[in-house]
Amino acid sequence: MPRRILILFAHPALEKSRVNRQLLAAVKNLEGVMVHDLYEDYPDGFIDVRREQKALTEHDIVVWQHPFFWYSSPSLLKEWQDLVLTYGFAFGTEDTALKGKKVLTAIATGGSEVSYHPECFNRFTIRQLLAPFEQTATLCGMEYLEPFVIHDALDLTADQITQAAERYRQTILALRDEATEP
Ligand SMILES: Cc1cc2nc3c(=O)[nH]c(=O)nc-3n(C[C@H](O)[C@H](O)[C@H](O)COP(=O)(O)O)c2cc1C
């Protein structure tokens, strides 16, 4: 059975976006994929925790899609984590709701791939910098997948962005259609 995918999208200025906007457009009408734009749905920042928890229980794979801001996510996604991933629902008891689900981080970074290296100016790899996301998922019993990363976001040509969007679409389709284990 195809997996149900929930894309939690966090971009505070979508009208200025070049990369994330196109990535999102490439996946938003796919069957089995639900896009939830946090900044659009919560312009005042007040998150409906019950609604979010219900949406999580109804999907198999969660995608945290956002531009990389200060080596992390825009703040509304952090607020979402703080409020939605509560004790008893997401972690802390035997029978929590997120166990066995998967999480994919999908980000665009201004920095180049080589800059995210111990000997370059960003000093850490992307995977190291995403450790709080990985460990949050792990603590909730979720499998943290290899992140989908588009580097050099500010310098990409229109063609390169189109190619990145197609790679994102293929990644999401592969996750959706991946055979379940017997
Ligand atoms: C507030 C802010 C913080 C940023 N922090 C980082 C950062 O830590 N690392 C990085 O590589 N790029 C950083 N950038 C660049 C963004 O990641 C880049 O502009 C974005 O991914 C482009 O995607 P978009 O076209 O969808 O907006 C930052 C940009 C802003 C506005």
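Is there a residue being closer than 20 Å to Ile7 by Cβ and surrounded by fewer than 17 Cβ atoms within 10 Å (Cβ to Cβ) anywhere in region 103-115?
no
Among residues belonging to region 138-165 that are more than 15 Å from Ala108 (Cβ to Cβ) and over 14 Å from the mean Cα position of the chain (by Cα), point out the one that is surrounded by the most Cβ atoms within 10 Å (Cβ to Cβ). Taking the candidates together, the pick is Cys140.
For the residues Ala153, Ala106, the requirement of being within 19 Å of Pro67 (Cβ to Cβ) and outside any loop (DSSP other than H, G, I, E, B) singles out Ala106. Say whether the condition of being modelled with pLDDT of 95 or more, surrounded by fewer than 13 Cβ atoms within 10 Å (Cβ to Cβ) and at positive phi is met by at least one residue in region 28-36. Checking region 28-36: not a single residue is modelled with pLDDT of 95 or more, surrounded by fewer than 13 Cβ atoms within 10 Å (Cβ to Cβ) and at positive phi. For region 57-75, the set of residues classified as among the hydrophobic types (A, V, I, L, M, F, W, C) and either surrounded by fewer than 21 Cβ atoms within 10 Å (Cβ to Cβ) or part of a strand (DSSP E or B) (or both) consists of Ile61, Val62, Val63, Trp64, Phe69, Trp70, listed by residue number. Would you be able to say whether some residue in region 14-22 is part of a loop (DSSP other than H, G, I, E, B), in contact (Cβ under 8 Å) with a residue 12 or more places away in the chain, within 14 Å of the ligand (Cβ to nearest atom) and surrounded by fewer than 18 Cβ atoms within 10 Å (Cβ to Cβ)? Taking every residue of region 14-22 in turn, at least one turns out to be part of a loop (DSSP other than H, G, I, E, B), in contact (Cβ under 8 Å) with a residue 12 or more places away in the chain, within 14 Å of the ligand (Cβ to nearest atom) and surrounded by fewer than 18 Cβ atoms within 10 Å (Cβ to Cβ). With respect to Leu98, is the statement that it is more than 16 Å from the ligand (Cβ to nearest atom), crowded, with 17+ Cβ neighbours inside 10 Å and under 15 Å from the mean Cα position of the chain (by Cα) true? For Leu98, the condition - more than 16 Å from the ligand (Cβ to nearest atom), crowded, with 17+ Cβ neighbours inside 10 Å and under 15 Å from the mean Cα position of the chain (by Cα) - is not met. Can you tell me which residue within region 23-42, out of those that are closer than 25 Å to Ala90 by Cβ and part of a loop (DSSP other than H, G, I, E, B), is nearest to the ligand (Cβ to nearest atom)? Per the criteria, the residue is Tyr42.
The values are calculated or read from the model by the stated rules, or taken from the named source; none is laboratory data. Predicted model only: the values in this text are computed from it and were never measured. Don't worry about glycine lacking a Cβ; one is built from the backbone with ideal geometry, like all the others, and counts go over all protein chains shown.
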